[in-house]
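Below is one structure, written out as structure tokens, with a few remarks after it.
Values in this text are rule-based calculations from the coordinates and carry no lab data. Note that the structure is a prediction, hence the values are computed from the model and not measured. Cβ: placed from backbone, ideal geometry, glycine included. Neighbour counts: every protein chain shown.
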Amino acid sequence: MSQFFGFTVVGLVVGCIYAMAASGLVLTYTTSGIFNFAHGAIGMVMAFAFWDLSENRGWPVPLALVAVLGVIAPLTGALVERFVIRRLRGAPVEVTLVVTLALLLALLYGSYVLWDPTLARPLPRFFGNNAVRILGVNVSYHQLIVVATAVLVAVGLRFVLYRTRTGLAMRAVVDDPELTALTSAEPDRITALSWAMGASLAGLAGVLIAPLTTLDALTLTLLVVNSYAAAMFGRLRSLPLTFAGGIGLGLLFSYGSGYLPQSDFNNRLRDGLPTILLFVVLLVLPAARIRAGGAVSDRRAMRLPSLKASIRNASVFAAGCVLCAAALPEERLGTLGDVLAIGVILLSLVLLTGYGGQVSLCQLTFAGVGALVVGKVGANPFGYGLAVLIAALLGALVALPALRLRGLYLALATLAFARFFETVVFVDPNAFGANTRFAVDRFSLGPLDFSGEKMNFAFLGVVFSAAAVGLLALRRSAFGRRLAAMGDSPAACTTLGIDLTRMKLTVFTISAGLAGLGGALLGGLHTGVSVYDFTMLGSLGLLLVVTLGGIANVSGAILGSATLGVIAALKPSASEEVQRFLDMAPGLTVMLLLARMPDGVAGWLGRQWERVTGEDRGAAGLQSLEADFVGDPGTGFDADPDTGVRPGVLDAAG
Amino acid sequence: MLQVENVTVRFGGVTAVDDVSLDAQSGEITGLIGPNGAGKTTTFNVICGLQEAVAGRVRVGGVDVTEQKPHLRARLGVARTFQRLEVFGSLTVADNLRVAAEARTDPTTDPETAVRHALARTGIAHLAEARVTNLPTGLLRLVELGRALAAEPRLLLLDEPGSGLNDVETERFAELLLDLAAEDGLAVLLVEHDVELVMEVCSNIHVLDFGSKIAEGTPAQIKANEMVQAAYLGSEVV
């Protein structure tokens with residue numbers, strides 16, 4: 001009995017912390033409509049700031065708490081709202097996702113700059129190990145404080161939201177920001193306030209949980225995945241349900257740890273529990289209604305090269321790769337090879353996100369599956385085919401349950417999937433193993449052996465070029481038009497007779513297959529992989545760099561991949577501080593620039609090019625239109641001989 | 001062609017559409033008018049399947065489509081335009097229409113013919129290769145109309161297609177609408193604020209106010225209806 005009570009106390013405490021973090025997440029989501037993937041990262045930074053003030057600088061604990069939760073955290077939240085979130089109002093969901101993911105990575109790597117991750121930072125519990133004995137179980141003061149704080153937070157939030165004018169305005173912003181603005185409740189101020197409160201709640205959770213686990217940036221950042229599940233349980237709306245979800249999750253965790261028989265697999269299963277639950281909660285969410293938003297998307301207004309031009313360009317690129325392979329010394333080809341292999345994985349994101357407007361946070365998971373299959377079956381055409389096929393099937397599997405949901409939930413499902421594979425599947429001794437290197441061969445076909453550095457590099461160049469041409473051909477096909485149309489306006493698509501579910505499933509499947517191919521190539525390039533090559537965090541990083549490169553364009557894939565290549569090339573000669581800053585750079589750049597440059601470097605270059613060459617066909621069309629209105633002859637429209645009226649835009653003559 | 005029977009829609013506690021019935025015949029233009037917030041667009045959303053009704057039925061060509069998904073209704077010949085534009089921003093004008101032409105399940109013409117035809121009808125053939133993001137709103141309404149026509153519908157739902165057009169353009173637009181009904185035999189359901197246009201082209205008009213239908217009849221009957229005048233028209237038409 002006392003054993004059961006002990007597990008209950010542990011679960012309750014952890015659950016309370018999840019619940020507090022999750023309620024902050026719900027608060028910011030409901031007032032701004034933006035799901036903050038960086039919520040956990042904010043909590044992590046606050047825990048570190050608390051350590052810095054109280055342990056490092058020796059401030060008294062109460063003073064450090066007030067400074068962190070009352071000043072630093074709300075200020076951070078408000079600044080993030082002001083300079084990042086506010087610019088995203090009305091932006092498509094995939095843009096808002098990428099920006100908060102960028103914030104996550106920027107904060108994570110930023111914390112490495114400030115606090116050297118190789119040092120251990122013990123953070124004592126509040127009141128040390130003092131405890132009271134309840135029902136035969138030692139309950140520490142720290143645990144009591146956690147539960148009491150959670151109760152205070154729950155009651156406080158309820159009071160603020162339902163008993164104050166500000167709370168009323170907060171709830172109103174959720175429903176209709178424009179209407180709230182009309183009644184002069186200043187939605188900007190309200191949203192900023194809720195982000196400030198959200199950051200404090202994240203900080204509170206971070207400060208309370210860090211002494212119970214460890215003050216490690218990555219661990220604390222990813223703990224928020226557990227809060228995602230709790231927030232989903234409240235459907236991102238209901239705070240009471242969110243609290244219930246958090247506490248339920250904590251208890252389940254604790255009982256799982258306590259009663260499941262100790263085995264390697266069960267241990268991993270426990271680690272994967274929150275993601276499994278997140279997936280299950282997503283499964284039972286009701287289907288989303290397709291809304292006609294009324295926004296004219298301009299995120300991907302990029303001229304498509306003709307098929308001929310793309311084949312020509314790709315051939316030049318492939319020939320260049322072959323030349324590089326012949327001319328460059330072997331040791332130089334490694335990093336360049338990475339650019340090509342990762343480029344193939346990034347192409348899968350161009351297809352899925354750039355063209356189709358769907359977000360996946362598990363492309364590296366599909367890549368890992370590709371590498372795994374080739375490593376098991378062999379680096380021959382059959383192995384490669386099977387790798388693509390199995391990755392594609394997994395893509396369909398992960399997408400299937402979430403297809404009927406909104407883009408955000410689909411992204412969360414892929415996140416859960418990526419974490420599950422990282423913590424449960426890939427570490428299995430039958431897969432990559434926990435800390436071992438898993439051998440993957442380079443492609444060979446009978447006498448054609450591509451295992452030499454030079455041959456393999458040329459092979460990668462040709463495969464990337466072929467994949468790029470294939471992608472462009474796909475985009476130019478009826479399927480590709482439909483895909484772009486779905487990305488622009490799902491509502492218009494479905495009222496034209498297009499089955500969105502089938503479209504999403506198809507594009508997810510193809511994209512996963514392509515990522516699987518990229519993973520097989522990447523594994524071969526390094527002649528082996530480990531579980532650390534295919535993490536969820538890695539997938540987020542890829543999404544960022546391809547966004548930076550220009551996610552709507554095939555050239556964006558190679559630009560994004562080259563960005564990673566440049567960082568990798570700069571690192572060996574840089575000091576440790578500069579290295580960490582380099583890691584932070586993509587996240588920081590995307591976060592600050594995306595609202596201004598939604599189509600990335602490739603899109604920007606494309607527009608400059610069109611400006612120089614005057615190839616803007618839209619502008620040409622408009623010019624002829626203006627000419628039409630002012631009666632300029634020679635536009636191909638003749639005046640009616642009887643009335644002298646020139647046909648305007650509404651020429652109904654058929 | 002279209003029968004809407006006793007449809008009710010609620011958003012939370014607000015009843016947006018309350019027990020509304022209306023129909024639209026092939027070869028005729030049917031008007032749906034009412035003040036802002038009367039439930040016109042919500043009714044459109046119910047007809048094409050973007051909004052679920054809590055009660056009532058929708059029939060298209062005699063088939064009960066109440067439980068059907070939007071894309072299946074489209075395949076029965078329902079096409080629409082949007083009051084708040086839903087053009088495909090990353091595609092050219094022609095590709096906007098092409099998506100619709102290629103989505104047809106039993107096409108009578110090849111997609112390119114359908115696209116050319118729809119471009120010509122809406123008078124935007126010279127803009128075929130323009131990217132829609134570069135076009136003003138008035139023209140985007142025509143792109144949406146062209147896109148709906150490229151789907152070769154039997155029932156065409158137009159949500160304020162005439163806003164942003166000048167007098168000459170409105171006249172041409174009226175001709176096009178009459179043409180679509182008379183020659184192509186389409187059933188056209190028209191939501192429009194320009195009452196003169198509605199009176200000119202519609203053979204039958206339904207009037208909504210606060211989610212309820214308050215009148216139905218010919219333009220002459222609607223003009224004479226006191227409830228309609230009180231609710232909506234004011235003195236300008238009388």
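Scanning segment B:67-95 for residues that are at the interface with chain A (Cβ under 7 Å from one of its Cβ atoms), part of a loop (DSSP other than H, G, I, E, B) and within 16 Å of the chain's Cα centre (by Cα) yields B:Phe82, B:Arg84, B:Leu85, B:Glu86, B:Val87. Considering the conditions (1) facing chain A (nearest Cβ under 10 Å); (2) touching a helix residue (DSSP H, G or I) at 6+ places or on another chain (Cβ under 8 Å), B:Pro107 is excluded by exactly one of them, (1).
When A:Cys493 is tested against the conditions (1) of a type outside the set (Ser, Thr, Tyr); (2) touching a residue at least 24 places away in the same chain (Cβ under 8 Å); (3) crowded, with 24+ Cβ neighbours inside 10 Å; (4) within 14 Å of chain B (Cβ to nearest Cβ), the lone failure is (2). With respect to being surrounded by fewer than 21 Cβ atoms within 10 Å (Cβ to Cβ) and in contact (Cβ under 8 Å) with a residue 40 or more places away in the chain, B:Gly89 falls outside the description. Checking the structure you have, find out if any residue of segment A:344-361 is within 14 Å of chain B (Cβ to nearest Cβ), under 21 Å from A:Gly550 (Cβ atoms) and touching a Pro at 6+ places or on another chain (Cβ under 7 Å). Yes. Of the residues making up segment A:86-104, one or more are within 30 Å of A:Thr547 (Cα to Cα), charged (D, E, K, R), in contact with a helix residue (DSSP H, G or I) (Cβ under 7 Å, 6 or more places away or on another chain) and surrounded by fewer than 23 Cβ atoms within 10 Å (Cβ to Cβ).
For segment A:541-553, a residue qualifies if it is more than 20 Å from A:Arg607 (Cβ to Cβ) and either part of a loop (DSSP other than H, G, I, E, B) or among the small types (Gly, Ala, Ser) (or both), and exactly one does: A:Gly541.
Please tell me if A:Ala466 is more than 18 Å from A:Cys324 (Cβ to Cβ), out of contact with any Phe, Trp or Tyr (no Cβ under 7 Å at 6 or more places or on another chain) and in contact (Cβ under 8 Å) with a residue 12 or more places away in the chain. The answer is no for A:Ala466. Apart from one condition, B:Glu144 fits all of (1) in contact with a Phe, Trp or Tyr (Cβ under 8 Å, 6 or more places away or on another chain); (2) within 19 Å of B:Gly27 (Cα to Cα); the exception is (2).
Filtered by the rule that a residue be within 23 Å of A:Pro117 (Cβ to Cβ), touching a Leu at 6+ places or on another chain (Cβ under 8 Å) and in a helix (DSSP H, G or I), segment A:565-577 gives A:Ile567, A:Leu570, A:Lys571.
Within segment A:26-70, the set of residues being without any contact (Cβ under 8 Å) to a residue 40 or more places away in the chain, hydrophobic (A, V, I, L, M, F, W, C) and either at positive phi or not in a helix (DSSP H, G or I) (or both) comprises A:Trp59 only. Take A:Pro329 and decide whether it is in contact with a Leu (Cβ under 9 Å, 6 or more places away or on another chain), surrounded by fewer than 17 Cβ atoms within 10 Å (Cβ to Cβ) and not charged (D, E, K, R). Judged against the criteria, A:Pro329 is not a match.
A single entry from B:Arg57, B:Arg98 fulfils the requirement of being of a type outside the set (S, T, N, Q) and either surrounded by 20 or more Cβ atoms within 10 Å (Cβ to Cβ) or within 7 Å of chain A (Cβ to nearest Cβ) (or both): B:Arg98. Screening the candidates A:Gly538, A:Gly556, A:Gly524 for the property of being within 17 Å of the chain's Cα centre (by Cα), of a type in the set (Gly, Ala, Ser) and part of a helix (DSSP H, G or I) yields one hit, A:Gly538.
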